[in-house]
Amino acid sequence: MNINLADIRQEYSKSGLRESDLPDDPLLLFDNWLQTAIDGDVNEPTAVLVGTVSPEGTPSTRTVLLKGLHDGRFIFFSNYESRKGKHLAANPHISLSFVWHELERQVHVEGIATKVPAEESDEYFGKRPYKSRIGARISPQSRPIRSRMQLIRAFVKEAARWIGRDVERPQHWGGYAVTPSRIEFWQGRPNRLHDRFLYTLQPDGKWGIVRLAP
């Protein structure tokens, strides 16, 4: 590598975050930040890094898209038989990380993931593009395949089965709802003196707030 990574620097100065501006409910602040990311033409504003833990205790991360924020829970959809699905079946603890570089902001969430009711998965699946629904039915997500041609042939064959009919959601595909217990908001600041505020859910159901050192 000819690039000196140690010399790459980025000074953060776009905004700040004051404790006096924080709402009691972190979901209100998250909703505001997400809307700002969407309105600000951030690339993939709903992209979220999902962290899970295997039965052996090893961590794993991947990126999905947030598809809802309902009743204080973060919603995304996936293949239940994928690597993440198997991890969550054995250990429902999960982390979510939103990174909006253009805004110099990050949000890190920790909580418990549970499957959403089947009717909610059906409703969302029915709104997906036709080709995405076919893809969800034929992809053995996270498992080895021989070639891309294997996927294409399976896609064409499955698409032919549903001509003129509504594509049904496969039982191995559906939604997860993440109930948070810890949410951290990170705002980049000059001289690496970033603003970091941590919300933690208290036994009485309220959220405690502390400032963290950068």
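Accessible area per residue, 1.4 Å probe, Å², for the chain: what's the number?
60 Å²
Show the residues, 5+ positions off or on another chain, whose built amide H is closer than 5 Å to the amide H of Val116.
Those lying under 5 Å, H to H, from Val116 are Gly175, Tyr176, Ala177.
As a test of the formula, what do you get for the chain when each DSSP H run with n ≥ 4 contributes -39,500 (n - 2.57) and the sum is divided by the residue count, at 222 nm and rounded to the nearest 500 deg cm²/dmol?
Helix-only estimate at 222 nm: -8000 deg cm²/dmol.
Give, in nm to one decimal, the length gained when the segment between Arg211 and Asn191 is fully stretched (0.36 nm per residue of separation minus the Cα-Cα distance).
5.5 nm
Using the Cβ atoms and a cut-off under 12 Å, what net charge is assigned to the surroundings of Val53, where Lys and Arg are +1 and Asp and Glu are -1?
Value of the local net charge: +1.
Roughly what angle does helix 26-39 make with the longest principal axis of the chain, taking Cα atoms, 0 to 90 degrees, to the nearest 10?
For 26-39 against the chain, the angle is about 70 degrees.
Between beta-carbons, use under 15 Å as the cut-off and find the net charge around Pro180, counting Lys and Arg +1, Asp and Glu -1.
After counting each charged neighbour, the total is -3.
What percentage of the solvent-accessible surface of region 1-104, computed with a 1.4 Å probe over protein heavy atoms, is contributed by carbon and sulfur atoms?
Heavy-atom surface of region 1-104 belonging to carbon and sulfur, 1.4 Å probe: 48 percent.
Post the alpha-carbon centroid distance, region 132-210 to region 26-75, in whole angstrom.
If we compute the Cα centre of each part, the gap is 9 Å.
Hey, which of these cross-link pairs are over 27 Å Cα-Cα: Lys84/Lys206; Lys14/Lys127; Lys14/Lys206; Lys86/Lys206; Lys86/Lys131; Lys127/Lys157?
Lys84/Lys206; Lys14/Lys127; Lys14/Lys206; Lys86/Lys206
What figure in square angstrom, to the nearest 10, would you give for the accessible area of Lys206 with a 1.4 Å probe?
In the full protein context, Lys206 sits at about 140 Å².
Starting from the Cα of His70, step 7 Å along the direction of its Cβ; do the same at Glu11; then give the gap between the two resulting points in nm.
The two pseudo-label positions are separated by 4.7 nm.
Give me the orientation-averaged projected area of the Cα convex hull of the chain, in nm², one decimal.
So the mean shadow area of the Cα hull is 16.1 nm².
Net charge near Leu27: determine it from the other residues with C-beta under 15 Å of the C-beta of Leu27, scoring Lys and Arg +1 and Asp and Glu -1.
Local net charge: -3.
The values are calculated or read from the model by the stated rules, or taken from the named source; none is laboratory data. Remember, predicted model here, so these are calculated numbers, not experimental data. In this analysis, Cβ positions are derived from the backbone assuming ideal geometry, glycine residues included, and neighbour counts consider all displayed protein chains. The area values use the complete protein model at the heavy-atom level, side chains included, leaving out ligands, DNA and RNA. Shrake-Rupley method; radii C 1.70, N 1.55, O 1.52, S 1.80 Å.
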